[in-house]
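Step one of this worksheet: look at the structure below.
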Amino acid sequence: MVGVAHLEQRAVLRVGGADARPFLQGLISNDVTKVTPSRTVYATLLTAQGRYLHDFFIAQGGDVLLLEVARARRDDLRKRLALYRLRSKVLIEPADELAVAALWPEAALAALGLPAEPGAAAARAGGIVYVDPRLPALGARVLVPRDRMDEALAGFASAPLADYDRHRRRLGVPESGDDLVVEKSILLENGIDELNGVDWQKGCYVGQELTARTKYRALIKKRLLPVAIDGPLPAPGTPITLGAREAGEMRSAADGIGLALLRLEMLDAAALEGEALHAGAARLTVQRPDWMKF
């Protein structure tokens, strides 16, 4: 069964003008030239030190680019992009007439007539419907005028947003505001490269040098992983232990499933020693999604 959730926590920025693509190309982690009416991409904006600031989807809407981003941080993204604009012919403005919804699981793709390819997009109800660029198993997203959302979702049954979040956590996919920590998170620790958020051939962008160094020198010591929770839900930031040793910390959690940033050496130790991971009074069982590589 396909579920639909309206994503009121998401909002859209419109980036247009003659220099819109080259402007973004020099700033973000993915290749803007790949964005077409039939393809969207997932990308991030980083600090100069390669730490996470924003992540977003980029779709083409007519002759402009549409950035779907966390609503709570849209104004911050707009201000940061404006700092780099200088004399570029770029217009950056809110697109409040657009709304966002998610359809899941992967069965939603066939129901929408989309191939199971990350980012595959098509026109729908005066807007765009596209396969989640991170992982087709997440389903699809709809980005359409607010007054045409019912038309875009005709034939699909509404479901609680919590159901979508549970699906996402089981797949081990982080969410802005819940699992990705501003000015702290590192892309490769959170699997953003494996989730198609980084193009390693595109050339320079803010934070590119340190991101590449992390990859090619194999400096990743932690990974964000889904965990099954037996016991009271730990709050975000709760330390995770293996016996008396620190093993990581919790990110978001609900309904017995959460995401945890774990030290890889502790995972090996747990497997060898047969000990359990704990976060407060809860016992954690690590689950490794098929898409993750170590």
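Computed from the mean reciprocal separation of all distinct C-alpha pairs, what Kirkwood hydrodynamic radius does the chain have, in Å? Numbers along the way, then the final one.
On the way: mean 1/r = 0.0506 Å⁻¹.
For the chain, the Kirkwood estimate is 19.8 Å.
Express in whole angstrom the spacing between the alpha-carbon centres of the stretch 1-62 and the stretch 141-219.
So the two Cα centres are separated by 10 Å.
What does the C-alpha gyration tensor say about the overall shape of the stretch 155-289? Classify as rounded when a/c is under 1.5, otherwise prolate if a/b is larger than b/c, or oblate. Each step should come with its number before you reach the end.
Details: a/c = 2.15, a/b = 1.17, b/c = 1.85.
The shape class here is oblate.
Relative to the longest principal axis of the C-alpha atoms of the chain, give the angle of the C-alpha long axis of helix 264-273, reported between 0 and 90° and rounded to the nearest 10°.
40 degrees
Choose one of S252, T241, Y216: the residue whose Cα lies farthest towards the positive end of the charge dipole of the stretch 188-286 (beta-carbon charges +1 Lys, Arg; -1 Asp, Glu; about the Cα centre).
Selected residue: Y216.
Could you tell me which of rounded, prolate or oblate describes the stretch 10-92, using a ≥ b ≥ c as the square roots of the eigenvalues of the alpha-carbon gyration tensor, with rounded for a/c under 1.5 and, failing that, prolate when a/b is larger than b/c and oblate otherwise?
On the way: a/c = 1.34, a/b = 1.16, b/c = 1.15.
Rounded, because the longest to shortest axis ratio a/c is under 1.5.
How would you rank 218-225, 21-28, highest first, on the average number of other Cβ atoms within 10 Å across their residues? Walk me through the intermediate numbers first.
Numbers: 218-225: 16.6, 21-28: 19.2.
So the peptides 218-225, 21-28, ranked by packing, come out 21-28, 218-225.
What residue among A70, A121, A159 has the largest mean-square fluctuation in a Gaussian network model of the chain, using Cα springs under 10 Å?
A159
For the chain, what does -39500 (n - 2.57) per DSSP helix run (n ≥ 4), summed and divided by total residues, give at 222 nm, in deg cm²/dmol to the nearest 500? Display every interim value, and only then the final one.
On the way: 7 runs with 56 residues, N = 294.
Only helices count here, giving -5000 deg cm²/dmol.
Calculate the length of the line joining the C-alpha centroid of the stretch 225-289 to that of the stretch 70-97, in whole Å.
Comparing the Cα centres of the stretch 225-289 and the stretch 70-97, I get a distance of 37 Å.
Hey, what did the chain get for relative contact order, percent, Cα under 8 Å, at least 6 apart?
Details: 644 pairs, mean separation 55.6, N = 294.
Computed over the chain, the figure is 19 percent.
Can you sort Y84, Y42 by how many other beta carbons sit within 10 Å, fewest first?
Details: Y84 14, Y42 22.
Ranking Y84, Y42 by Cβ neighbours within 10 Å, fewest first, gives Y84, Y42.
What are the ³J(HN,Hα) couplings of the stretch 220-235, residue after residue, when phi is run through the Karplus curve with 6.51, -1.76, 1.60 and θ = phi - 60°? Round to Hz, x for glycine and proline.
So the J values, rounded to whole Hz, are 6, 10, 9, 9, 7, 9, x, 9, 7, 10, 10, x, x, 5, x, 6.
Which far-off residues, 5 or more places away or on another chain, put their amide H under 5 Å from the one on K222, with H placed in the peptide plane?
The list, which skips near neighbours in sequence, is L264.
Could you list W104, W291 so that the one with the fewest beta carbons within 10 Å of its beta carbon is first and the one with the most is last?
Details: W104 23, W291 15.
Ascending Cβ contact count within 10 Å gives the list W291, W104.
Using R₀ = 25 Å, calculate the FRET efficiency as 1/(1 + (r/R₀)^6) where r is the Cβ-Cβ separation of K34 and L83; round to 0.05.
Working: r = 25 Å, r/R0 = 1.00.
Efficiency at R0 = 25 Å is approximately 0.50.
Is there a quick way to get the dipole size of the stretch 188-286? I mean about its Cα centre, with the Cβ of Lys and Arg at +1 and of Asp and Glu at -1; what is the value in debye to the nearest 20?
Details: 11 positive and 13 negative charges, 59 e Å.
Value, rounded to 20: 280 debye.
How far is helix 74-85 tilted off the main Cα axis of the chain, in degrees rounded to 10, range 0 to 90?
Value to nearest ten degrees: 70.
Laboratory data are not the source of any read-out in this text; all were calculated from the coordinates shown. Keep in mind the model is a prediction, meaning the values are calculated, not measured. Note: ideal-geometry Cβ built from the backbone for every residue, glycine included; neighbour counts use all protein chains shown.
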